[in-house]
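*Asks:* The following block contains the structure, expressed as structure tokens.
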Amino acid sequence: MMMDPVESMQPPLAECIICHKSKLYGIHVCGQLICLDCERAIVHSNVEDEAYAHYVEGMKRIWLSALSL
Ligand SMILES: [Zn+2]
């Protein structure tokens, strides 16, 4: 069986559930990806921040999609 060397060496791109950009690296939660940029933003944001609410919404989508599996 022939394997495509380029394809086999390429790590799979996954779409970040928060910023919806295709990223190579990030943390996986319930099979969903949170890219490093968003993960860092979540860690450094305060509960009072508008951005925090946005990220919480993203996290909620992850949990909901995990529950519906
Ligand atoms: Zn992201």
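*Asks:* Might you check whether a residue that is part of a strand (DSSP E or B), surrounded by 11 or more Cβ atoms within 10 Å (Cβ to Cβ) and within 14 Å of the ligand (Cβ to nearest atom) occurs anywhere in the stretch 47-63?
*Replies:* no
Rundown of residues vs (1) modelled with pLDDT of 80 or more; (2) on the phi > 0 side of the Ramachandran plot, yes/no style:
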residue: Gln10; (1), (2): no, no
residue: Cys19; (1), (2): yes, no
residue: Cys30; (1), (2): no, yes
residue: Gly58; (1), (2): yes, no
residue: Leu64; (1), (2): yes, no
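*Asks:* Residues of the stretch 13-46 being within 7 Å of the ligand (Cβ to nearest atom), out of contact with any His (no Cβ under 9 Å at 6 or more places or on another chain), hydrophobic (A, V, I, L, M, F, W, C) and outside any strand (DSSP E or B), which ones?
*Replies:* Cys19, Cys38
*Asks:* Can you tell me which residues in the stretch 28-46 are farther than 16 Å from Ala14 by Cβ and surrounded by fewer than 12 Cβ atoms within 10 Å (Cβ to Cβ)?
*Replies:* Arg40, Val43, His44, Asn46
The values are calculated or read from the model by the stated rules, or taken from the named source; none is laboratory data. In this text the structure is predicted, and so the values were computed from the model without any measurement. Using ideal geometry, Cβ is built from the backbone for each residue, glycine included, and neighbour counts are taken over all protein chains shown.
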